[in-house]
Amino acid sequence: MKECYKCKELKHTGEFYEKGNICKICKHQYNKEYREANRELANAAARDWYKRNKVRERERKQKGNYKDKEWVKGVSLKSNHGISLDEYKVMLANQGGLCAICRGTPRGKTYFCVDHCHSTGKIRGLLCFNCNTMLGQVADSIEILEAAIFYLTKSA
């Protein structure tokens, strides 16, 4: 365990880069803010790095970036939705291991999508890819979904 210099949280050593006292999530946020503030400089540096490391990058992409997929999922959940992998697993258990809408499985995917309200950020539940995409296509509009239900019932 190690304390992050920036957020002051005690974290697993795997959540830090080998050199440094800032966790990967805080470092990612810092880098994002820096890139936004210095876009042209950051883009030029990235182009230069890729030119110097073409072979290395190609090999890295072919091998796969990460070996511990569950750890990567945990970091992704924390940075994108503010929840831990354990919280995700509790949500999934509360849903009986199934999609909150269709009651199906992830269908070819390893994990369910974390559905959230885009205006408030509040997490609503876990959905399969198809149900999550459906809600996204109708922009979470209850009116459109009711119209679709009406359409389907009158056409049956």
If amide H atoms are modeled at 1.01 Å from N in the peptide plane, then the residues at a separation of 5 or more from F16, or on another chain, having amide H under 5 Å from its own are K24
Can you give the FRET efficiency for V72 and R39, using 1/(1 + (r/R0)^6), R0 = 22 Å, r = Cβ-Cβ distance, to the nearest 0.05? 0.20
10 Å-binned pair-distance histogram of the chain (Cα, whole percent): 9, 24, 30, 24, 10, 3, 0
Cα gyration tensor shape of segment 2-63, rounded if a/c is under 1.5, else prolate or oblate by comparing a/b with b/c: oblate
With springs only between Cα atoms under 10 Å, which of I101, I123, I142 fluctuates most in a Gaussian network model of the chain? I142
Can you list the lysines whose alpha carbon sits under 25 Å from that of K2, skipping same-chain ones fewer than 8 residues off? K11, K19, K24, K27, K32, K67, K69, K73, K78, K89
Relative to the Cα centre, what is the charge dipole magnitude of the chain, using +1 at the beta carbon of each Lys and Arg, -1 at the beta carbon of each Asp and Glu, and rounding to the nearest 20 debye? 880 debye
For the chain, what does -39500 (n - 2.57) per DSSP helix run (n ≥ 4), summed and divided by total residues, give at 222 nm, in deg cm²/dmol to the nearest 500? -16500 deg cm²/dmol
With 10 angstrom as the radius, rank E57, E87 by how many other C-beta atoms surround their C-beta, starting from the fewest. E57, E87
Taking the 0 to 90 degree range and rounding to the nearest ten, how far is the long axis of helix 54-63 tilted relative to the main principal axis of the chain, both from C-alpha atoms? 50 degrees
Once phi is turned into θ = phi - 60°, what whole-Hz ³J(HN,Hα) does the Karplus curve with 6.51, -1.76 and 1.60 give for every residue of segment 110-124, x standing for Gly and Pro? 7, 10, 7, 7, 8, 7, 9, 6, 6, 7, 9, x, 5, 7, 9
Based on DSSP loop calls and a cut-off of at most 14 other Cβ atoms within 10 Å, the longest stretch of the chain free of exposed chymotrypsin sites (Phe, Trp or Tyr not before Pro) is what? 67-156
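No lab work stands behind these numbers, since they all come straight from the coordinates. Every value quoted in this text rests on a predicted model; they were computed, and no experiment measured them. So basically every Cβ, Gly included, is an ideal-geometry build from the backbone, and we count neighbours across all protein chains shown.
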